[in-house]
Amino acid sequence: MFVGHFFSPLPLYQQRRISPEAEQRRVEELMNRPSISPSLADERDFPSHVVLYTAEHDSFAKKMESLRTKLKEDETINVFGRMVPRIGHGWDLIVQRGQAGYEEWNEACNVCAGIIFRK
């Protein structure tokens, strides 16, 4: 795994020599950006087609399920997807034929292709 390549073992405030308080403010600001947390965005900022497949054991699943519900209330947005049982975060990157989540992965690919190539 290449985690060490991307992430230093030192907190950012120590790497850049900024105060822990400044680092905390930076992190809080990031967490409140809709581009980082889509569940914070206004419905008007979403495209007309949204695909949300969530993983049952993903720590973000509840937030994304709430987002799906919120977006479905907007009649101008077509929302596709569902909760995929028995799988965790990143399932779509590693699932193989015959494994839990494979059928849902295939479904998600077909939904996305249908949106991209719709006539």
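Here are some notes:
- Some residue of region 35-52 being in contact with a Gly (Cβ under 7 Å, 6 or more places away or on another chain) and modelled with pLDDT of 90 or more: yes
- Once region 60-73 is narrowed to residues that are under 14 Å from the mean Cα position of the chain (by Cα) and either outside any loop (DSSP other than H, G, I, E, B) or of a type in the set (Gly, Ala, Ser) (or both), the residue that is nearest to His49 (Cα to Cα) is Arg68.
- Screening region 17-33 for residues that are open to solvent by less than 100 Å² (accessible area, probe 1.4 Å) and of a type in the set (Asp, Glu) and picking the one that is nearest to Lys63 (Cα to Cα) gives Glu28.
- Counted residues, region 21-59 - those being out of contact with any helix residue (DSSP H, G or I) (no Cβ under 8 Å at 6 or more places or on another chain), assigned to a helix (DSSP H, G or I) and within 28 Å of Arg86 (Cα to Cα): 2
- Unmet criterion (only one of (1) within 16 Å of the chain's Cα centre (by Cα); (2) small (Gly, Ala, Ser); (3) on the phi > 0 side of the Ramachandran plot) for Gly98: (1)
- Hits in region 74-119 - residues which are assigned to a loop (DSSP other than H, G, I, E, B), among the hydrophobic types (A, V, I, L, M, F, W, C) and farther than 16 Å from Glu56 by Cβ: Ile77, Phe117
- Pairs where the first residue, in region 105-119, is modelled with pLDDT of 95 or more and the second is open to solvent by less than 70 Å² (accessible area, probe 1.4 Å) and assigned to a helix (DSSP H, G or I), C-beta under 8 Å, 6+ apart: Trp105/Trp91
- Complete set of residues in region 62-112 that are among the small types (Gly, Ala, Ser), open to solvent by less than 40 Å² (accessible area, probe 1.4 Å) and under 26 Å from Ala41 (Cα atoms): Gly81, Gly88, Gly90, Ala108
- Residue in region 34-47 that is farthest from the chain's Cα centre (by Cα), counting only those that are of a type outside the set (A, V, I, L, M, F, W, C) and open to solvent by 60 Å² or more (accessible area, probe 1.4 Å): Arg44
- Contact map, region 39-64: residues that are touching a residue at least 40 places away in the same chain (Cβ under 8 Å) paired with residues that are open to solvent by 50 Å² or more (accessible area, probe 1.4 Å), Cβ distance under 7 Å, separation 6+ or inter-chain. Pairs shown: His49/Asn78; Val51/Phe80; Val51/Cys112; Tyr53/Arg82; Ala55/His89.
The values are calculated or read from the model by the stated rules, or taken from the named source; none is laboratory data. Nothing here was measured: the structure is a model prediction, and the numbers come from that model. Quick reminder, even Gly has a Cβ in these numbers, built from the backbone with ideal geometry, and neighbours come from all protein chains shown. Note: accessible area is taken over every heavy atom of the protein model, side chains too, but ligands, DNA and RNA are not part of it. Shrake-Rupley method; radii C 1.70, N 1.55, O 1.52, S 1.80 Å.
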